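Q: Handing you this structure, nothing more for now.
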Amino acid sequence: MSVVTTLRERWRSRSRRWRAPRTLKATRVGRTYLVLTVGIGLGALNTGNNLLYLVLGFLLSIIVLSGVLSEWAIRDVRVRRLLPEGVYAGERFPLRYEVTRTDGRAFALKLGEGTGAIDGWAWVPYVTEGQPLVVRADATASRRGPVRLSTIEVSTYFPFGLFEKTRTLEVDDLLIVWPRRGFTCDPPAADGGRHVGDLGTSRQRDGGGDLLGLRELDPGEDARRIHWAKSASTGRLLKVEREREDRQQYTLSIDPTATLGDELDRECEETAALTHRLLADGHEVGLRSRGRAIRPSAGPGHERRLLTALAWVGYDDDAPERARP
Amino acid sequence: MNVVERRRLRLRLRDLAALSAFTAVGLSGSVPVWVSVLFVLAFAISMFDRRPLARQRAWAVVALLAVAVVLFGLAFKGALDLVVAAVSFAALVTAHRLVSEPSAATDQQALLASLLLIAGAAALSGEIWFAACLLAFGVFSCLHLGLSVVEGPVDRNEDLPMGPVFRQVSLGVGLALAGGVAFFVLFPRLSWNLASRRATPGLLGQSATGMSDRVRLGGGGDLKTRARIVLRARLQPDPKQDELDRYWVGRRFDVFDGREWHGSGVPVAASDFVHLTANDRRDTEQEIEVLPAYGARTLVALEHPVMFTRARATSASGTTATQLVHVPGEEVRFAAEAISYTYVAYSRPGTWMRDDEGERTRALALPTIDPRVAALAKTIVGTETDPLRRAHLVERWLKTSLSYSLELEGEVADPLTEFLFVRKSGHCEHFATALAVLLRTLDVPARITVGFFGGKRVDDRYLIRAGDAHAWVEAWVDDRGWVTLDATPESGRGSQPVALLAMLADLGDRIEEAWRSRVVDYSFIDQVQFVRNLVRPPERAEREGTSTTRAPVSVPWRGLASAGVGLVAYLVVRRFQRRERLHPAATFLARLEGQLAQLQVPRREGEPLEELTRRLTGERHPLAPPLEQATRRYLEARFGARPLPEAEQRRLLEALRAPAQLVR
Amino acid sequence: MRPAPPDLLSKLATHLGDVVQGKPAQVRLALTCLVARGHLLLEDVPGVGKTTLAEGLARSFSLSFARVQFTADLLPSDILGAQVFKQAQGTFEFRKGPIFHQVVLADELNRAPPRTQSALLEAMAQGQVSLDGTTHDLPRPFSVIATQNPLDLSGTYPLPDSQLDRFLLRLSLGHLDAATEAQLLVARRADPLASFAPVADAADLVFLQEAADQVQVSKDVADYAVRLAAATRAHSDIERGVSTRAVLSLMSAARAVALWEGRDFVTPGDLRSLLVPALAHRLLLRSSSNGAFARDEAGHLLEELARQVPAPR
């Protein structure tokens, strides 16, 4: 019984391997080639000319060989994605693949995503066993949102460029596509002369907020702000600068009624642009959307957190399986 | 190899593929000359990397359309064969693509048009060089396509390791060729209509034998050195001799005017078969194929023909049955002009008994000749009176006293006396004429016969070359009939190919014979035979046994040929690998890397020497210590300005060899 | 009698390997950086042994060592030193800051405000400190090892690109592989550095630095470096390629690498091995103008370029 089960298992796994999804498509030259082959074949059958049979034999064997050699090329290929943390929608980004050959070598592979949400492909001229190769696709994601990348299409024109054989590999990854940028016009600046960090005006840094740095006490300044420990060690009067309260905290929110679609995308883009501007002005920005909240904070890392959150707006409640194709 | 070099290599391969395809049609001789000139011109321009038509796209298309209209108009009017017109157009399209701006699409179009040329050539000719062109076209075009595919859709500056690419693509090409042969062998021949047009005489195929309607003395005998095969014959019963020593009778001449012989027969009405005498069972049956190189219409059969039948003629429009015209006492010829023929002949060995008063009388007629000739005849025979013995005496005298020579330049007024008394050397026609005339002065009826002598067995057929052409004498002896006499010394009888070329010609015969019997005439019956052999292996093994005994003949040639091909390939690769400026240490690197490859040191593709050395050291490979030394010295010489003398190079390479032997 | 450079270097590497386990390549590069008189930038999450590496480097050469924790309230004078009024004498006296050590570990450099950062970096570049009109020379040999948290932690001041250029090499230690980590847990002693004895001295380091100066660069190798640099400038994805200073520092690091194998000349392989640590942090990528995916991208691009630019052979 167990033997039968094992055999069945083995058969099943083998048949699964053999029935690995492949698609074969004739290229433009391949189509012309097929037409010529049929023509020469008809000529050979019609006249019985052995030389035409000979030519036909070569033509047919090249077709068969294309199938076999291209199978050799795309078999035993393993591909891994090297994804960036997030990408902006509508902008070209480098999508990298690490290609490994488990056996033998392969030429002329083309790698692309199975999903339509990402376009762009990478070219592998040559990869050999044991030497992983990282290749880059100049990809573009068309729309905002988490994109579930589940399949990689490995195709090849090898050996003669007559057919394109494609094999679909199942590799799961999640790519976060941030809202488009540079799309929204900046609103007019509310107030000129605002800067972040040391170069800001004293007005901005005279508050009661977080510690920002130390500065020598100017004549006539409030003595309560003197940092006594530091002043003693340096022999000069040093004043603690704290962030002013007008370094404000913003919490942006997304309209919870907007439905998934262009309208919501547009809103997310505007929010992202506003976030970027506010952060650049030195404010702290938080986000509230559909039951998800991010506390106001600052810094480049925080901006990316916000962008990621904006990317997820509208997809939050989706299970990964139902993520947009 | 960088991008520019790879691109140049691809274009060269494309051009060569196109040239091979065009050669296949060009050699059939049917393409108009101006098309050939245009194509060769385009090829030459392309080889110099000039693309004059890159800008003039519209004009080129208009010109091509105009040419198409002209060509197909000619074909419509019947002035040009339709296939030839199509092929010419394809050739012009290919030529246009060669001198246009190269791109992936242009290259592919050039190759597809070349493929049409190849198909056209298959329809137009069946000579062995078609196989060579097909092979070359397949190899070049597959290499080009493979390289283009590896290059990819965009130009990249990356260095590609060409070794593995070539290896893989060549493997592909080899498999494609093998697969093509397999398809050819096994693809069922559904059609019984054998309409192969292996019928054009070809550029090389202009009439090669001197089987004309008269024999004119004088001139040289360059015929004897020609190796073109003119006839193929299968004999039944099979004499099983490697070199046949029998006469093939073609045409008899009985009227001599002092300078040339001609026939006197009057043709009778054409018929499907010709009986020369009653048939009987002891006859030798011959299936004879007349190749385009034969260039005449006279039927040939072994001595002495008794019947001709089942004649078929192959012309440009196909193969049809043809009728035969009998010219009694002279020849049997095909009624229709065609390019090649097949027929069946029956012959009876021995003497020819048919007695005809008229024939005998004509065989005694003499023109006015130098009296010294009759005197010479008298001297030779002396007191002998028996006609047969007299004939043999004259024959022996000629054989021994005069010498055979092909170098006879210039026209002379009286070739016979010139031959007998001045030069004392000549070729078979001189000997035959002298014998016939001498016998006639002795009142022995004699006439000359033109045909072939010999035949070389290849597989189960006898091949007769243009050089086997011969002339000899038949003399009438009462009670014996027409007796064959041959005064030509043995050395001058068969063909006399130049000695050095003899082996080459032999190999060529075998290949050509194999091509004709295994490829051009391959049929459903052969397929059945093949499958039967597969099913019954013992017989096949036996066949292989016989073929291996024959193989050694061609081994040296095969070796030479492959060495030549290897040399050419090496030179091509060298040319493309040559760098602009070589550092002196680079030669050491090349030698070192060559030796590493020879020692089969496992090396990754594109792995620099330093990394290889580091890796081997890490793996504690036995070769690591000497390799480390060599690498270090190379780096010092290359980048550290410490020269590496030749002696040290040798020492370093030598040091690498010793542990390698230990490993083995 | 001083041992030959390769022996000395491998001895140091083995020695350092005892405290920084499982990172031979990084240890090698860190030593190379020191020998090339360069400053080292370590970019990593906390807790992977950055400090141990820095202190180990200093100790194995028995160099003086100081560690400065960079915080938001750190002042330039906290690093450089300040004039102090001595009441007893009634005079000002310059009190040296921690930068007056031979190896300075600037921990979490990106937490300090830019003014403080630039004070340090200027001192690094000039090898001296100018305060109130007087110039104080820093000790020789002098190297700064700065550590930086990856940028996605909030509340940091990323180093400006011009400042990044002052670091010869940028390394990332990364996490240990599982086997080494397990071994570390088993054999963990109280403090690996506590029992760490020097195996060389400052004179040895100077000797190595001078040996590196003697290393020759042939014209072909120089061409190769120039072609690599030109390729970064011509690349469509790179906003700003490497500067001439970057090529110079790449070559000085390559000179130091050549010492490991006892060579007195630089090979193309040396350059290739240093391409990513020496140049990746100096590239400004087009896609990263917002700082989005800079990290490995520059390294990938450089590796691609190394494949494309043919090396002399």
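The values are calculated or read from the model by the stated rules, or taken from the named source; none is laboratory data. Note that this is a predicted model, so its numbers are computed, not measured. Note: ideal-geometry Cβ built from the backbone for every residue, glycine included; neighbour counts use all protein chains shown.
Q: Do we have any residue at all in the stretch C:126-143 that's within 14 Å of chain A (Cβ to nearest Cβ) and within 27 Å of C:Val206 (Cα to Cα)?
A: no
Q: Let me ask you something else. Please tell me if B:Ala104 is in contact (Cβ under 8 Å) with a residue 12 or more places away in the chain and within 14 Å of chain A (Cβ to nearest Cβ).
A: Yes, satisfied.
Q: Oh, and also: Look at the stretch A:79-103 and say how many of its residues are under 23 Å from A:His302 (Cα atoms) and touching a Pro at 6+ places or on another chain (Cβ under 8 Å).
A: 5
Q: Quick test for you: out of A:Leu109, A:Leu133, pick the one residue that is out of contact with any Lys or Arg (no Cβ under 8 Å at 6 or more places or on another chain) and surrounded by fewer than 23 Cβ atoms within 10 Å (Cβ to Cβ).
A: Exactly one of A:Leu109, A:Leu133 is out of contact with any Lys or Arg (no Cβ under 8 Å at 6 or more places or on another chain) and surrounded by fewer than 23 Cβ atoms within 10 Å (Cβ to Cβ), namely A:Leu133.
Q: Quick check: is even one residue across the stretch C:204-216 in a loop (DSSP other than H, G, I, E, B) and of a type outside the set (A, V, I, L, M, F, W, C)?
A: Within the stretch C:204-216, none of the residues are in a loop (DSSP other than H, G, I, E, B) and of a type outside the set (A, V, I, L, M, F, W, C).
Q: When only residues in the stretch A:119-130 that are within 21 Å of the chain's Cα centre (by Cα) and over 22 Å from A:Val147 (Cα atoms) count, which is surrounded by the most Cβ atoms within 10 Å (Cβ to Cβ)?
A: A:Val124
Q: Out of everything in the stretch A:116-133 that is touching a residue at least 24 places away in the same chain (Cβ under 8 Å) and more than 11 Å from every other protein chain (Cβ to nearest Cβ), what residue ends up being nearest to A:Glu98 (Cα to Cα)?
A: That would be A:Pro132.
Q: I've got another one for you. Every residue in the stretch C:12-36 that is over 15 Å from C:Glu55 (Cα atoms), of a type outside the set (Gly, Ala, Ser) and surrounded by fewer than 15 Cβ atoms within 10 Å (Cβ to Cβ), please.
A: Across the stretch C:12-36, the qualifying residues are C:Thr14, C:Pro24.
Q: Based on what the data block shows, is B:Ser207 within 14 Å of another protein chain (Cβ to nearest Cβ) and either more than 30 Å from B:Trp261 (Cβ to Cβ) or at pLDDT below 75 (or both)?
A: When the stated conditions are applied, B:Ser207 does not pass them.
Q: Name the residue that is farthest from the other protein chains (Cβ to nearest Cβ), counting only residues in the stretch C:234-251 that are over 14 Å from C:Asp165 (Cα atoms) and out of contact with any strand residue (DSSP E or B) (no Cβ under 8 Å at 6 or more places or on another chain).
A: C:Met251
Q: Considering each of C:Val276, C:Val309, C:Val266 in turn, give the residue that is within 14 Å of chain B (Cβ to nearest Cβ) and at pLDDT 85 or above.
A: The unique qualifying residue is C:Val266.
Q: Determine which single condition C:Glu210 fails, assuming it passes every other condition in (1) free of Cβ contacts under 8 Å to residues at least 60 places away in the same chain; (2) surrounded by 15 or more Cβ atoms within 10 Å (Cβ to Cβ).
A: (2) is the only condition that C:Glu210 fails.
Q: Name the residue that is nearest to A:Asp138 (Cα to Cα), counting only residues in the stretch A:76-112 that are within 14 Å of chain C (Cβ to nearest Cβ) and in a loop (DSSP other than H, G, I, E, B).
A: Out of the qualifying residues, it is A:Glu91.
Q: Out of all the residues in the stretch B:586-640, which are among the aliphatic types (A, V, I, L, M), under 17 Å from B:Glu654 (Cβ atoms) and either in the same structural domain as B:Pro161 (by TED's automatic domain parsing) or in contact with a Ser or Thr (Cβ under 6 Å, 6 or more places away or on another chain) (or both)?
A: The answer is B:Ala624, B:Leu627.
Q: Now a separate question. What tally of residues in the stretch C:113-136 results from selecting those that are surrounded by 16 or more Cβ atoms within 10 Å (Cβ to Cβ), hydroxyl-bearing (Ser, Thr, Tyr) and at pLDDT below 80?
A: Number satisfying all stated conditions: 0.
Q: Right, next: Quick test of your reading of the structure: B:Ser495 fulfils all but one of (1) modelled with pLDDT of 75 or more; (2) assigned to a loop (DSSP other than H, G, I, E, B). Name the failing condition by number.
A: Condition (1) is where B:Ser495 drops out.
Q: Sticking with this one: Being at pLDDT 85 or above and not in a helix (DSSP H, G or I) is the filter; apply it to the stretch B:420-443 and report the residue that is nearest to B:Leu402 (Cα to Cα).
A: By that ranking, first place goes to B:Leu442.
Q: Quick check, is C:Arg28 away from chain A (no Cβ under 13 Å), charged (D, E, K, R) and farther than 25 Å from C:Gln126 by Cα?
A: yes
Q: All but one of (1) among the β-branched types (Val, Ile, Thr); (2) closer than 13 Å to A:Val154 by Cβ; (3) under 10 Å from the mean Cα position of the chain (by Cα) hold for A:Val87; which doesn't?
A: Evaluating A:Val87 over (1) among the β-branched types (Val, Ile, Thr); (2) closer than 13 Å to A:Val154 by Cβ; (3) under 10 Å from the mean Cα position of the chain (by Cα) leaves (2) as the failure.
Q: Just to be sure, is B:Ser100 part of a loop (DSSP other than H, G, I, E, B), surrounded by 21 or more Cβ atoms within 10 Å (Cβ to Cβ) and over 28 Å from the mean Cα position of the chain (by Cα)?
A: Yes; evaluated as a whole, the condition is true for this residue.
Q: Consider the stretch B:595-623. How many of its residues are among the small types (Gly, Ala, Ser) and within 14 Å of chain C (Cβ to nearest Cβ)?
A: Residues that pass the stated criteria total 2.
Q: If you don't mind, there's one more thing I want to ask. Tally the residues that are closer than 16 Å to C:Trp260 by Cα and either within 53 Å of the chain's Cα centre (by Cα) or not in a helix (DSSP H, G or I) (or both), restricting the search to the stretch B:632-645.
A: Of the residues in that region, 1 qualify.
Q: Follow-up question, since we're still on this one. Can you spot a residue in the stretch C:236-256 that is in contact (Cβ under 8 Å) with a residue 24 or more places away in the chain, basic (Lys, Arg), out of contact with any Leu (no Cβ under 9 Å at 6 or more places or on another chain) and crowded, with 17+ Cβ neighbours inside 10 Å?
A: yes
Q: Yes or no: A:Ala44 aliphatic (A, V, I, L, M), under 14 Å from A:Phe158 (Cβ atoms), buried (at least 22 other Cβ atoms within 10 Å of the Cβ) and within 14 Å of chain B (Cβ to nearest Cβ)?
A: It is false that A:Ala44 is aliphatic (A, V, I, L, M), under 14 Å from A:Phe158 (Cβ atoms), buried (at least 22 other Cβ atoms within 10 Å of the Cβ) and within 14 Å of chain B (Cβ to nearest Cβ).
Q: Keeping to the stretch A:58-75, report how many residues are in contact (Cβ under 8 Å) with a residue 40 or more places away in the chain, at the interface with another protein chain (Cβ under 9 Å from one of its Cβ atoms) and within 14 Å of B:Gly138 (Cα to Cα).
A: Counting residues in the stretch A:58-75 that are in contact (Cβ under 8 Å) with a residue 40 or more places away in the chain, at the interface with another protein chain (Cβ under 9 Å from one of its Cβ atoms) and within 14 Å of B:Gly138 (Cα to Cα) gives 2.
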